Every structure is written in C-alpha cells, then in structure tokens.
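The values are calculated or read from the model by the stated rules, or taken from the named source; none is laboratory data. All figures in this text were calculated on a predicted structure; none of them were measured in a lab. In this analysis, Cβ positions are derived from the backbone assuming ideal geometry, glycine residues included, and neighbour counts consider all displayed protein chains.
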Amino acid sequence: MNKKNFIPVCEPLYLGNEERYALDAIRSQWISSAGGYIEKFEDQFSSYCGVEYGITTTSGTTALHLALKSLGVKGGDEIIIPDFTMIAVLFAVLYCGAKPVFVDVEPDTWNIDVKKIEKKITSKTKVILPVHIYGHPVDMEPIMKLAGKYNLYIIEDAAEAHGAEYVGKKCGSIGHINCFSFYANKIITTGEGGMVVTSDPEFADKCRYYKNLCFSLHGKRDYMHDDLGYNYRMTNVQAALGLAQLENIDKFVERRRNNARVYNKLLRDIPGIQLPVEKEYAKNVYWMYGIVIDPEEFGRTRDELMTNLKEKGVGTRRFFNPMHKQKVLKKLGIKDEESYPVTEWLSQNGFYLPSASGLEYEETEYICNAIRKFYI
C-alpha cells in the first residue's frame, strides 16, 4: 500500500517543467487564451501526432463538437459511433442536432466492431466516429476503406490514446480530423482541456473560427458575427502545463505499458478474468487497465469484487453504460430497440484498476494479491 492507505484509479504525474512553465505563463500576465504556450503546445502536439495543425479547446468533448462542426454536421445527418464509449461522444453528436447510430463492439479489444459498420451506413450517414477505447487502437484500415467507398468523413476519438499506434502511425493521424482530451487522468494533462488535430487547413480554420465565438480569423475585430460560435478556448496557463507534460509523454506511455505488463503477469492465471489485449497491428497505451469478470467462472460478481477492493483501499471504476440505453435519448425522442450484446456484457461485468503513470510495482502487486485472495 502507499502512504495514503488508498490507491486511486488515476492521478496525474509531474516529472519536469510543469511548475516552471505555468509560473512563467502567470508572470507574463498572458493567462487567458492568448500567449506563447498556446501556439507551442498546438504545434508540438500536432507534430508528435504526425499532422499539420492543432487547435486547443476546453475539453475532449468540445474538441469533438468542433470537429463535427468543421465537417458541417447538422440536423438530419447520421453519425456512426460505438455503443460502448464515453458519453461525451454521444453528447457531441447531439449538440449538432445529428442522429447517433450505434454499433456494437469487439469482445476482445472493446472497440467498435468494424465488421458491423457497413450495414449501419445509409444515405444520411456523414461521419464514422471510432473511439480508441482505453488506449487500444481501432482497426482503422477497413474503416478508412468504407469512408472512401461511401464518401464519408472519419473522426478519430483518441481521447484515451495519446501515443498509441496503429501499424506504426500515431492514433489521431489517420482520420480526416481527430480529437484528444487532456483531463487530469489522461496520459498527459492540462487539468481540463482538449485538442483537435488535422492536416486539412480548411478544417483547422473552421475549428479556430467556431471555438472563438466566430470572430473573423483574418479581418479586424468589429464585433459583428456571421455564425453561432462557442467559447472553447484553452488558457495559456493550461497550455504551459500541457507543453511540460508533452516533453515526457514517452515516459508516461512506457509507464502505463509497464503497468499492464505487471498486471498481465500477476492476473493471467486467475479463472474468470478477461484481460486487455494488444493486437498485432496495435501499440496499446493502456490508458486504463480494464478487466472483465465472468461471474460464473470467477465465482463472484464484478460489483462484489469492486466492493472488496474498496474495503482494502483500492480505487476502481466500472465500465461505461451502453449509449443506446442513455435516458437522455428518450427525452429527445431517439429510440434504438436493437440489441448490443457485447456492450451490455462489458457494461455489466467490466471495470478498471488503478492505472496511473506513477503507480508503483508494490501497489500493483498489492492489488493483484487482493484479487487473488478474493477469488480463493
């Protein structure tokens, strides 16, 4: 156990210039949405991803909204998303007045099942929005082929996949326009914040335009606005923190991958526990180390195990609820009567263990021993 007698699910880790850069931004008095750290963070993060442009935002949710807006998504359009994902994906679609179309996920990667996407495409489909869940890349090649076949856009949600790779390419560099989150539990953080990345200059300019209340990008500020805009601006202080985090991103990624190696070693022989995978095409960054409990084989339920771990000072977090069952949809008159068995199984039986970049081996060992003892 650690000195606090509690192991949280995830805490941020600071290894370098976070305090120095943030203090520099404060002392410069450029503390709002202008300042040198904004541009540096956008340029260096987009370069890290292998794309041309980065546009900072207030969150991963607003990054998704901006991406959809830049593609001209509007009421009547259909957006294909995984049924198993974070609610922010669904909300961003709904913000645009578009219709979410759900697809079940793969039982091993927990990512959108690429084999089930094509049958959900209609004449109203505009975007396929795959999510690299918990840090494992989606199999993107078949999705990009579908985009070409049906003239669709692809938005990658890489909120949980900083540094993850698909056949050697960074996640966030494959779709037409792609999104990241820098929430406190992400591999790198700005506290709250996000970024849109793209190599398309038109999409980048539209994101900059909409995120800044639709002020003209090139003309004088005359306080006349042609379109409905949003205040999705990251602060210079946040960007300073993000830039410092980015300098150590490879270390953070390796620490998360090492967490997974330790968990895999210590948990792999316990019956009834499904561990995360790493496909041959993928570099999984294990943003969160998730496991799925088969209650019949394990002998206890997911919730019983989570309660036992909490009593032993271990923080956990259950998997997402299915998108098609979200109550907000009923209020908006959106119905989906289909069955999504993999998503429902994961929602009922999956949860993730402490996964922070600063997690120590002794803590991981303690967690695994607690699980083993509860099984016995």
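Data overview
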quantity	calculated
Test: residue in the range 29-36 that is crowded, with 16+ Cβ neighbours inside 10 Å and at positive phi	yes
Residues located in the range 319-336, provided they are in a loop (DSSP other than H, G, I, E, B) and in contact (Cβ under 8 Å) with a residue 24 or more places away in the chain	Phe319, Phe320, Asn321, Pro322, Gln326, Leu332, Ile334, Asp336
Residue match in the range 218-236 (condition: free of Cβ contacts under 8 Å to residues at least 24 places away in the same chain and in the same structural domain as Met288 (by TED's automatic domain parsing))	no
Complete set of residues in the range 3-50 that are touching a strand residue (DSSP E or B) at 6+ places or on another chain (Cβ under 9 Å), aliphatic (A, V, I, L, M) and not in a loop (DSSP other than H, G, I, E, B)	Ile7, Ile38
Selected residue [in the same structural domain as Ala159 (by TED's automatic domain parsing), touching a residue at least 12 places away in the same chain (Cβ under 8 Å), within 19 Å of Val197 (Cα to Cα) and aliphatic (A, V, I, L, M)] from Ile55, Ile26	Ile55
Residue within the range 99-110 that is in contact with an Asp or Glu (Cβ under 9 Å, 6 or more places away or on another chain) and more than 27 Å from Val277 (Cβ to Cβ) present	yes
Failed criterion for Ser339 (all others in (1) outside any helix (DSSP H, G or I); (2) touching a helix residue (DSSP H, G or I) at 6+ places or on another chain (Cβ under 7 Å); (3) not β-branched (Val, Ile, Thr) hold)	(2)
Count of residues meeting criterion [among the hydroxyl-bearing types (Ser, Thr, Tyr) and either farther than 30 Å from Thr189 by Cβ or assigned to a strand (DSSP E or B) (or both)] in the range 342-358	1
Gly194 vs. criteria modelled with pLDDT of 95 or more, of a type in the set (Gly, Ala, Ser) and within 23 Å of Leu228 (Cβ to Cβ)	yes
Asp113 touching an Asp or Glu at 6+ places or on another chain (Cβ under 6 Å), surrounded by fewer than 22 Cβ atoms within 10 Å (Cβ to Cβ) and at pLDDT 95 or above	yes
Whichever residue in the range 90-114 is β-branched (Val, Ile, Thr) and outside any helix (DSSP H, G or I) and, among such residues, is farthest from Tyr286 (Cα to Cα)	Val101
Some residue of the range 251-268 being closer than 26 Å to Lys373 by Cα and either part of a loop (DSSP other than H, G, I, E, B) or among the hydroxyl-bearing types (Ser, Thr, Tyr) (or both)	yes
Flag for Thr125 being surrounded by 23 or more Cβ atoms within 10 Å (Cβ to Cβ) and either at positive phi or among the hydroxyl-bearing types (Ser, Thr, Tyr) (or both)	no
Residue under evaluation Leu15, criteria (1) surrounded by fewer than 23 Cβ atoms within 10 Å (Cβ to Cβ); (2) under 20 Å from the mean Cα position of the chain (by Cα), criterion not met	(2)
Scan of the range 317-342 for residues that are at pLDDT below 95 and either surrounded by 15 or more Cβ atoms within 10 Å (Cβ to Cβ) or touching an Asp or Glu at 6+ places or on another chain (Cβ under 6 Å) (or both), ordered by number	Asp336
Near pairs, Cβ below 6 angstrom, 6+ apart or cross-chain, from the range 146-173 (within 18 Å of Phe252 (Cα to Cα) and in the same structural domain as Leu68 (by TED's automatic domain parsing)) to any residue that is among the polar types (S, T, N, Q) and buried (at least 24 other Cβ atoms within 10 Å of the Cβ)	Ala158/Asn178; Ala159/Ser181; Gly172/Asn178
